[in-house]
Amino acid sequence: MMDNYRIRKIKDRLMRILLWSSLIIAMIPLFSILLDVFINGARAINIDFFLLPTPTVGEKGGIANAIQGTLITLGLASIIGVPIGIMSGIFLSEYHDSKLSQPVRFINDVLSGFPSIVVGIFGYVLIASVIGFSVIAAAFSLAIIMIPIVTRTTEESLRMVPVAIREAALALGIRRWKTIIFIVLKGGRKGIVTGVLLALARIAGESAPVLVTMGYWRWWFSGLNRPASNLALNIYLFAISPFENWRTLAWGSALFLILMILGISILIRVLTRGKYE
Amino acid sequence: MKSTASFSKIAYLKAKIKGDEIFRLVSAFFALTTLLIVVLMVYELTRGSWLSLQKFGLGFITGTTWDPVFTLNFGALPLILGTLTTSAIALAISVPISIGIGLLLSEYISKRLEFFVSFIVELLAAIPSVVYGLWGIFVLIPFLRNNVYPYIQAVLGSLPLFSGPIYGGGVLTAGIVLAIMIIPIISSVSREVFSAVPLSQREAIISLGATKWETCKIVMSYAKSGVIGAITLGLGRAIGETMAVTMLIGNKFKVLPSSLFDAWYTMAAIIANEFTEATSDIYVSALINVGLTLFLISLMVNVIARLIVWRTLRLVKGVSRG
Amino acid sequence: MNRQKLEAELSYKFEIENLNAWFGSKQVLKNINMKIKEKAITAIIGPSGCGKTTLIRCLNRMHETVPDAKVTGRVLFNGVDVYGRDIDPVQIRRKIGMIFQKPNPFPMMSIYDNVAIGLKLNGVKDKRKVDSIVEKSLRMVGLWDEVKDELNKSGASLSGGQQQRLCIARALAVEPEVLLMDEPTSALDPISSAKIELLIRELAEDYTIIIVTHNMQQAARVSDYTAFLYLGELIEYGPTRQIFENPKNELTEKYLTGGFG
């Protein structure tokens, strides 16, 4: 009996060590990635990096055109994706007794798990194959990736708005739709902003759908019906190129992208802090 | 007098209902766009693959040649195998680690530390695929090639799986990076299902004189189906992961690689690697057909995963409430 | 002389000395001192939130499994302080069975495994021995005849009352010396409750039983001793008959006559 207990105790200690080491194992690549991106990326960063467009081989250059292109593409994607996401989030939260809401929520969950490259191919067939590789096609694909994220966070944050507030507004004779738009939405504002930020952080790092809808563009933005340069995609193209100055730019772009995403995540943490405490 | 009053009341009510009704319909319409998108996706992907579907039919899935230059024959079996193999390697590595993290978060760590650890796990999820690829090419590949693979080969080299030349990139490398990339999703979903296990279950076993680990075993067996759901979600991610794999697997079309160190291809990687350079219509159509196949496989995996996770969470919550 | 004193002490299963307990900064037990007789039924009564449950959860060190929970004081179990420096709570709990407010069988296990789990934890591998203990435990709770043909069914397939008896059988299988019961009938219908009460009386022949209840009739029916707790303090403690018929404290009387809402 005693021996059995000693074995159980040892097993218990061993498992505790194993569980902690699983966390440590998962953290090693994270720290390695962050460290390498910071060290190698820092070398690439200077004034030219922010002011010049993609260089040709051996010349000085930067990521100015990629920042411009990325901002425009993300902006257009948000214009398409955010309203759809917020409206469906409102529907799921305010009309959750509707027969539609369960299947819509399910499809949303499934859509959020789709490979982004497939969404990209969809954007290609529907848009790029007609009007050519373009910012529009890329933004459309990225918008589809945004929708389930925005929908879900909108729904969750609106549900946290107390029912009493809705009832108070309705009792004042304010119509339901006005109550939703002017009172409920206002209450869930923080959560919705969080959702949009989360979605932006996600699509800022997407390169596969951009590759198949917009291709590669080395120059400045020249119209929504033409391709534009993209930060995430640049990392791929620069990384597999044999040129030293492009590889340096790849690390620089990665640092810029990670800082952007890190900034957004910290912003989200700050925004949601009150919610969990 | 009285009748006018009630008439205007009815008109007022009607207007009120109208505004609300319109708003309800508008938001329902937007909610339905996601459904519409999925339907349209099936239609458009089928339309885009039509040439290929006509020419190869179901043979596309069993075909083992990929010749965009001379015969224009396309078959996707090796790509499907490549996708499944790399995903299986990823699961084999990440599942024990992720379940460990899930247990740690739900059973061992205090609330305050949990906030910090889950932030770190989220960061791992927030790093873009291309950055994993970049890090893979310049940091992980040299490390594995010089410090890991030779030792694996020294020990297990007699097995065909671990024989042959070591390039650094290849099937195993792609699997390792995929594993790192799917740890966040599996660990966060398993944490969620572990936390949903009623406290009364833990107390029952603790009061019988169970150790912490024995309590964890009860929690795991209670949440088993949810963990399977979490793993299936991870599988869905691994199957569709594109850029990091494209940058690390070596991109060689072959029926089977000679070993785990050899180069291969996946469905997602071939699309990323060849799509912008596809010259003929049938070539583009074949690549879209690969996309359609990937879509269907991941649709299946995702639907199954979501159903399992949904059902378990509802079941578990139902039990604890009832 | 010394021996006499020792024997008198030994007939107490628990001696609680200056016990205090907290959840975070909220103190739920205040300086509790009481001695609990062996092979008797002690009921703990009091209005909800008075610390009844916490008190029994301090006896098998379940209280500390809740984050931010804290305990001070001594609890002597068979003369040994369970909060002693080198005492392992896991081993203490093995000797003290616990029955919870809501039946909590393991739904993913069969009825058989539900009873056998404690034995398996303790490394009993002999199949015949396990079989016989499972049967004995199920017989003790009067469940054997009802379930003997469906031992492989899930523990969750039983009715509420049967589930609670299964949980008692599960606790009995590891042969504890004490059974702590936290309102064991509050989630059950009257007929199932009556069966459990009868069972508790039978079990008192062999076990020390401490039962928390908010049902005063139940305490009067089943217990030998009764302790009345109010706002974390032990107000009165003595033989059940005396407490109910002739309470010494005003608060106890007020509570027993329904004076608090």
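The values are calculated or read from the model by the stated rules, or taken from the named source; none is laboratory data. All of these numbers come straight from a predicted model, not from anything done at the bench. When we count neighbours, we look across all protein chains shown, and the Cβ atoms used for this are built from the backbone with ideal geometry, even at glycine. With ligands, DNA and RNA removed, areas are computed over all heavy atoms of the protein, side chains included. Shrake-Rupley method; radii C 1.70, N 1.55, O 1.52, S 1.80 Å.
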>> Can you confirm whether B:LEU287 is crowded, with 22+ Cβ neighbours inside 10 Å, without any contact (Cβ under 8 Å) to a residue 24 or more places away in the chain, within 10 Å of chain A (Cβ to nearest Cβ) and assigned to a helix (DSSP H, G or I)?
In response: yes
> Here are some residues: C:THR213, C:THR226, C:THR252, C:THR208. Which one is open to solvent by less than 10 Å² (accessible area, probe 1.4 Å) and free of Cβ contacts under 8 Å to residues at least 40 places away in the same chain?
Replying inline: C:THR252
> Conditions: (1) under 28 Å from B:MET243 (Cα atoms); (2) modelled with pLDDT of 90 or more. A:SER88 meets all but one. Number of the miss?
Replying inline: (1)
> Restricting to segment C:58-89, what's the tally of residues that are basic (Lys, Arg) and touching a Phe, Trp or Tyr at 6+ places or on another chain (Cβ under 7 Å)?
Replying inline: 2
> Can you name the helices (runs of 4 or more DSSP H) wholly within segment B:197-274 that have at least 2 residues being more than 21 Å from the chain's Cα centre (by Cα)?
Replying inline: B:199-207, B:212-222
> Mind checking whether some residue in segment B:305-314 is over 30 Å from B:THR71 (Cα atoms) and either in contact with a Phe, Trp or Tyr (Cβ under 7 Å, 6 or more places away or on another chain) or modelled with pLDDT of 95 or more (or both)?
Replying inline: yes
>> Among the numbered criteria (1) over 17 Å from the mean Cα position of the chain (by Cα); (2) among the charged types (D, E, K, R); (3) away from chain A (no Cβ under 14 Å), which one does C:LYS125 miss?
In response: (3)
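The rows are residues; the columns are (1) among the aliphatic types (A, V, I, L, M); (2) in contact with a strand residue (DSSP E or B) (Cβ under 7 Å, 6 or more places away or on another chain); (3) farther than 17 Å from A:ARG202 by Cα; (4) open to solvent by less than 40 Å² (accessible area, probe 1.4 Å).
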residue	(1), (2), (3), (4)
A:GLU94	no, no, yes, yes
A:ASP97	no, no, yes, no
A:ARG105	no, no, yes, no
A:SER112	no, no, no, yes
A:PRO115	no, no, no, yes
A:PHE122	no, no, yes, yes
A:LEU126	yes, no, yes, no
> Taking the stated definitions as given, is C:VAL130 open to solvent by less than 30 Å² (accessible area, probe 1.4 Å), in contact (Cβ under 8 Å) with a residue 12 or more places away in the chain, among the β-branched types (Val, Ile, Thr) and touching a Lys or Arg at 6+ places or on another chain (Cβ under 6 Å)?
Replying inline: no
>> Among the residues that make up segment C:112-126, is at least one of them in contact (Cβ under 8 Å) with a residue 40 or more places away in the chain, open to solvent by 20 Å² or more (accessible area, probe 1.4 Å) and over 16 Å from B:ILE205 (Cα atoms)?
In response: no
>> So, in segment A:72-118, exactly how many residues are under 17 Å from A:VAL193 (Cα atoms), facing another protein chain (nearest Cβ under 7 Å) and of a type in the set (A, V, I, L, M, F, W, C)?
In response: 3
> Mind checking which pairs have a first residue in segment C:190-203 that is without any contact (Cβ under 8 Å) to a residue 60 or more places away in the chain and a second that is open to solvent by 50 Å² or more (accessible area, probe 1.4 Å) and among the β-branched types (Val, Ile, Thr), Cβ under 9 Å, 6 or more apart or different chains?
Replying inline: none
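To keep it simple, each residue is scored yes or no on (1) modelled with pLDDT of 95 or more; (2) out of contact with any Ser or Thr (no Cβ under 8 Å at 6 or more places or on another chain); (3) of a type in the set (D, E, K, R).
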site: A:ALA128; (1), (2), (3): no, no, no
site: A:ALA137; (1), (2), (3): yes, no, no
site: A:VAL163; (1), (2), (3): no, yes, no
site: A:LYS178; (1), (2), (3): no, yes, yes
site: A:GLY187; (1), (2), (3): no, yes, no
site: A:GLY191; (1), (2), (3): no, no, no
site: A:VAL196; (1), (2), (3): no, no, no
site: A:ALA204; (1), (2), (3): no, no, no
site: A:TYR216; (1), (2), (3): no, no, no
>> Can you tell me which of (1) more than 12 Å from chain A (Cβ to nearest Cβ); (2) surrounded by fewer than 24 Cβ atoms within 10 Å (Cβ to Cβ) is the one B:TYR265 doesn't meet?
In response: (2)
>> Quick check on segment A:193-248: of everything there that is of a type in the set (Ser, Thr, Tyr) and assigned to a loop (DSSP other than H, G, I, E, B), which residue is nearest to the other protein chains (Cβ to nearest Cβ)?
In response: A:SER207
> Given the conditions (1) open to solvent by 10 Å² or more (accessible area, probe 1.4 Å); (2) of a type outside the set (Val, Ile, Thr); (3) out of contact with any helix residue (DSSP H, G or I) (no Cβ under 7 Å at 6 or more places or on another chain); (4) farther than 18 Å from C:THR240 by Cα, and given that C:LEU188 satisfies all but one, which numbered condition is not satisfied?
Replying inline: (3)
> Take the residues of segment B:144-195 that are surrounded by 18 or more Cβ atoms within 10 Å (Cβ to Cβ) and aromatic (Phe, Trp, Tyr): which is farthest from A:LEU19 (Cα to Cα)?
Replying inline: B:PHE162
> Considering segment B:100-141 alone, what residues qualify as being more than 8 Å from chain A (Cβ to nearest Cβ), of a type in the set (Val, Ile, Thr) and closer than 24 Å to B:VAL227 by Cα?
Replying inline: B:ILE109
> Looking at segment A:25-65, which of its residues are more than 10 Å from chain B (Cβ to nearest Cβ), closer than 22 Å to B:PHE143 by Cα and among the β-branched types (Val, Ile, Thr)?
Replying inline: A:ILE39
